[in-house]
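Accompanying notes for the structure given below.
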Amino acid sequence: MTIVLIATALYLLSTGLLVHGLAAERASGSRSWLWPASAAVVLHASYHLLVAMRTSGGPDMHFFAALSLVALGMAALTTVVGARGRMAALGVLVFPMAALLLLAYHGYGHEPSRVLGWRLATHAWLALLAYATLSIAALLAIMLWLQERALRRRDFRPWLRALPPLNDLETLLFRTITVGFCLLTLTLVTGVLFVDDLLAQKLVHKTVLSVLSWLVFGTLMIGRRRHGWRGVKAVHWTLSAMVLLLLAFFGSQFVIELVFGHAR
């Protein structure tokens, strides 16, 4: 519990420092948030490691555990990208979410998982990395939409100065989508290679929705390259693909585990 409380406090401290930087219109130059954020990420990861060491079976990847792991990945990516001077303001959204999901995971409790073996474990970890990366892309898409909307209305707020120029933000969005798309591709490939029976393991709906999401992301990337898709159109395609991906994993897992009470 101590690790969870300290990590939560550090996440919130980082958020407060970022908000203060935004209010002072200097978030892009300040790095005061970086150390507490880095420490929070390390503690967050350490908590999952401790749980894995003390829980029988494989790593805990049930509903709240998976959410917490995705949030951990998002917080780590935000910290790394923000440390390079780009998109530190993203932490205002990501860090409180990571703190909340870590608390939810701790409060819900830990359940033993079946031993996956290295093949299924590889598939599961690739899936979590893909979800984390593409979730960051979804947040970037929302920020891009808000920035475009504010600029069209000539509503110049302090938070706009914390964001990169519109073209840079769009470039960062598509780079993130490219990385996430590659991870999602590997996830689907390892799923085909390593999962023996989709029907028996109740994975048909997850597979179908994941493939649909992959197709939408792929169409967006082709449209970007061939037709120069950008702006609001890119935002809509990104968010549509992300909704499918969230339903594929967390929607189905929520129903199976929390509504019907079946462990995965």
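Expressed in nm to one decimal, what extension gain is obtained for the pair residue 50 and residue 222 from 0.36 nm per residue of sequence separation less their Cα-Cα distance? Each step should come with its number before you reach the end.
On the way: separation 172, 0.36 × 172 = 61.92 nm, distance 4.27 nm.
That pair, residue 50 and residue 222, stretches by 57.7 nm at full extension.
For the ranges 73-80, 39-46, what's the packing order if you count other beta-carbon atoms within 10 Å of each residue, average per peptide, and put the highest first?
On the way: 73-80: 22.2, 39-46: 19.8.
Packing order, densest peptide first, comes out as 73-80, 39-46.
Please give, to one decimal in nm, the separation of the simple spin-label points placed at residue 153 and residue 239, each 7 Å out from Cα toward the Cβ.
Going from the residue 153 label point to the residue 239 one covers 1.4 nm.
Sorted by mean Cβ packing within 10 Å, highest first, what order do the peptides 229-239, 121-131 take?
Details: 229-239: 17.7, 121-131: 20.8.
Per-residue Cβ counts within 10 Å, averaged per peptide and sorted highest first, yield 121-131, 229-239.
Run the simple label-point estimate for residue 39 and residue 121 please: 7 Å along Cα→C-beta, distance reported in nm.
So the label points at residue 39 and residue 121 sit 3.1 nm apart.
How big is the accessible area of residue 175 in square angstrom, nearest 10, if you roll a 1.4 angstrom probe over the protein chains?
Its accessible surface works out to 140 Å², give or take rounding.
Would you list 217, 181 from the most to the least accessible area, probe 1.4 Å?
Numbers: 217 0, 181 35 Å².
In descending accessible area the options line up as 181, 217.
The values are calculated or read from the model by the stated rules, or taken from the named source; none is laboratory data. Because the structure is a prediction, the values reported are computed rather than measured. A quick note on method: Cβ atoms are made from the backbone with ideal geometry, for glycine too, and the neighbour counts reach across all protein chains shown. These area figures cover heavy atoms from the full protein model, side chains too; ligands, DNA and RNA do not enter into them. Shrake-Rupley method; radii C 1.70, N 1.55, O 1.52, S 1.80 Å.
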